[in-house]
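Engineer: Just passing along the structure, written as structure tokens.
None of the figures in this text is laboratory data; all of them are computed from the coordinates on show. Nothing here was measured: the structure is a model prediction, and the numbers come from that model. Positions of Cβ are backbone-derived with ideal geometry, glycine not excepted, and every protein chain shown enters the neighbour counts.
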Amino acid sequence: MVSISTSVGDIRLSNPVMLASGILDETSGSMKRALESGAAIAVTKSIGSSERKGYPTPVVSVIATGMLNAVGLANPGIDSFSEEFSNFPVKEKVAVSIFGKDTEEFLYLARRVEGLGFKILELNLSCPHVAGVGSEIGQDPDLVEDIIRELKSRTNLQIWAKLTPSITNIVTIAKAAEKADAYVLINTVKATGVDIYARQFLLSNKIGGYSGPGIKPIALRAVYDVRKESEKDIIGVGGINDWNDAVEFFLLGASAVQVGTGLYYRDYGIYDNINAGIARYLEDEGFSSLDDIIGLMVKS
């Protein structure tokens, strides 16, 4: 039987498919359901130091090639998050996503997360539609380097850096984030949309993040570019709706993938379906394990 287990940093996973941050991960119950449905890791909605209401509706718009969203990093804040997740039964299967405005805020949140017993931290360095955080932080190489250096030296957490595609050369930021345990590539792409009859923007914030099938080529390019320059583990994100999509990411160097908008199209069964498809592909193509194809098209 072929093996679809994989490693990300120091963590060995039974399969390579995760729930991405921001999609059906607002409550402990929805996180449990994703894990029970075959996700190896569930990533939380991004959490900040205090409660944030986010933008007024509409905050999500489905378009022909994917989805636009500008939720505005709405979240309950670290205190409420701590109350809800303090007794979560499988904390080793959860990556907590955090965002902040500077190194001190990231460090404060990281220590709170570690104090709750979680082991994995995903840094949101890439949200494209909130001023002062997200991609505005993630486009500053010196600040990215400082944040990750401090977190690695002052916590024992596994650090995953989720990088922005809204930059000319993503390799520059990847090199700044090289002390992280893994890269997460990519977040949504900065975009907008218009209703030509109402003559209004599709989102209240006008500008949002674009996700879904249309961004897969951008995400694949980012994975490929970074893998050529680094051996660090990569988690691929963007437009993954089935096992074929996932295999593309593996061949270009990703060790694992995250599924977000794909849940809209396929529901929770998407995790088991992707895992089963990966296993069939490996067996049909004569490979014994997932490790055999990771980065295969970059090595050749």
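Engineer: Please name all residue pairs, on different chains or six or more residues apart, with Cβ atoms under 6 Å, provided the first residue is in segment 1-20 and is in a loop (DSSP other than H, G, I, E, B) and the second residue is surrounded by fewer than 15 Cβ atoms within 10 Å (Cβ to Cβ) and among the acidic types (Asp, Glu).
Structural biologist: 2/283
Engineer: Looking at (1) part of a loop (DSSP other than H, G, I, E, B); (2) surrounded by fewer than 17 Cβ atoms within 10 Å (Cβ to Cβ), find the lone condition where residue 108 falls short.
Structural biologist: Here residue 108 clears every test but (1).
Engineer: Is at least one residue of segment 152-159 buried (at least 24 other Cβ atoms within 10 Å of the Cβ), closer than 23 Å to residue 256 by Cβ and in contact (Cβ under 8 Å) with a residue 40 or more places away in the chain?
Structural biologist: Looking only at segment 152-159, we keep the residues that are buried (at least 24 other Cβ atoms within 10 Å of the Cβ), and these are none.
No.
Engineer: Something else now. Determine whether segment 201-208 contains at least one residue that is surrounded by 15 or more Cβ atoms within 10 Å (Cβ to Cβ), part of a loop (DSSP other than H, G, I, E, B) and either on the phi > 0 side of the Ramachandran plot or without any contact (Cβ under 8 Å) to a residue 40 or more places away in the chain (or both). Outline the logic, then answer.
Structural biologist: The first filter runs over segment 201-208 and keeps only residues surrounded by 15 or more Cβ atoms within 10 Å (Cβ to Cβ), leaving 201-205, 208.
Applying the additional criterion that residues be part of a loop (DSSP other than H, G, I, E, B) yields 202-205.
Okay, now just the ones that are also either on the phi > 0 side of the Ramachandran plot or without any contact (Cβ under 8 Å) to a residue 40 or more places away in the chain (or both), so none.
Among the residues of segment 201-208, not one is surrounded by 15 or more Cβ atoms within 10 Å (Cβ to Cβ), part of a loop (DSSP other than H, G, I, E, B) and either on the phi > 0 side of the Ramachandran plot or without any contact (Cβ under 8 Å) to a residue 40 or more places away in the chain (or both), which makes the answer no.
Engineer: When residues of segment 93-121 are filtered for being in contact (Cβ under 8 Å) with a residue 60 or more places away in the chain and over 15 Å from residue 49 (Cα atoms), how many remain?
Structural biologist: Total meeting the criteria: 4.
Engineer: Still on this model: Does segment 78-105 hold any residues that are exposed (fewer than 15 other Cβ atoms within 10 Å of the Cβ), within 27 Å of residue 208 (Cβ to Cβ) and among the small types (Gly, Ala, Ser), and which are they?
Structural biologist: 80
Engineer: Looking at segment 176-187, is at least one residue in contact (Cβ under 8 Å) with a residue 24 or more places away in the chain, in a helix (DSSP H, G or I), among the aliphatic types (A, V, I, L, M) and within 30 Å of residue 150 (Cα to Cα)? Even if it seems obvious, please write down each step before you answer.
Structural biologist: Filtering segment 176-187 for residues in contact (Cβ under 8 Å) with a residue 24 or more places away in the chain gives 176-187.
Then keep just the ones that are in a helix (DSSP H, G or I); that gives 176.
Of the ones still in play, those that are also among the aliphatic types (A, V, I, L, M) are 176.
Keeping just the survivors that are within 30 Å of residue 150 (Cα to Cα) gives 176.
Yes.
Engineer: Here's another thing I want to ask about it. Which condition number does residue 73 fail, the rest of (1) under 19 Å from the mean Cα position of the chain (by Cα); (2) surrounded by fewer than 23 Cβ atoms within 10 Å (Cβ to Cβ); (3) under 28 Å from residue 278 (Cα atoms); (4) not acidic (Asp, Glu) being met?
Structural biologist: (3)
Engineer: Let me ask something else. Within segment 219-241, work out how many residues are under 14 Å from the mean Cα position of the chain (by Cα) and not in a helix (DSSP H, G or I).
Structural biologist: Residues flagged as under 14 Å from the mean Cα position of the chain (by Cα) and not in a helix (DSSP H, G or I) within segment 219-241 amount to 8.
Here is a yes/no grid of residues against (1) under 20 Å from the mean Cα position of the chain (by Cα); (2) in a loop (DSSP other than H, G, I, E, B):
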residue	(1), (2)
57	no, yes
67	yes, no
121	yes, no
145	yes, no
150	no, no
161	yes, no
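Engineer: Condition first: closer than 26 Å to residue 32 by Cα and surrounded by 24 or more Cβ atoms within 10 Å (Cβ to Cβ). Can you find one or more residues in segment 133-143 that meet it? Working first, answer last.
Structural biologist: Of the residues in segment 133-143, the ones closer than 26 Å to residue 32 by Cα are none.
The answer is no; no qualifying residue exists.
Engineer: Looking only at segment 129-143, how many residues end up being of a type in the set (Val, Ile, Thr) and not in a helix (DSSP H, G or I)? Explain how you work it out, then say what you get.
Structural biologist: Residues of segment 129-143 that are of a type in the set (Val, Ile, Thr), as a first pass: 130, 133, 137.
Filter once more, so that each one left must be not in a helix (DSSP H, G or I): 130, 133.
Final tally of qualifying residues: 2.
Engineer: Checking the conditions here, which among 43, 2, 8 is buried (at least 16 other Cβ atoms within 10 Å of the Cβ), over 13 Å from residue 94 (Cα atoms) and within 18 Å of the chain's Cα centre (by Cα)? Steps first, answer last, please.
Structural biologist: Values: 43 fails: over 13 Å from residue 94 (Cα atoms); 2 fails: within 18 Å of the chain's Cα centre (by Cα).
Every option except 8 fails the conditions.
Engineer: Looking for something out of contact with any Leu (no Cβ under 9 Å at 6 or more places or on another chain), small (Gly, Ala, Ser) and surrounded by 20 or more Cβ atoms within 10 Å (Cβ to Cβ) - is there at least one such residue anywhere in segment 271-288?
Structural biologist: no
Engineer: Please specify each residue of segment 28-55 satisfying the condition of being in a helix (DSSP H, G or I) and out of contact with any Asp or Glu (no Cβ under 9 Å at 6 or more places or on another chain). Full working, then the answer.
Structural biologist: So in segment 28-55, the residues in a helix (DSSP H, G or I) come out as 28-36.
Once the filter is applied, which keeps residues that are in a helix (DSSP H, G or I) and out of contact with any Asp or Glu (no Cβ under 9 Å at 6 or more places or on another chain), segment 28-55 yields 29, 30, 32, 33, 35, 36.
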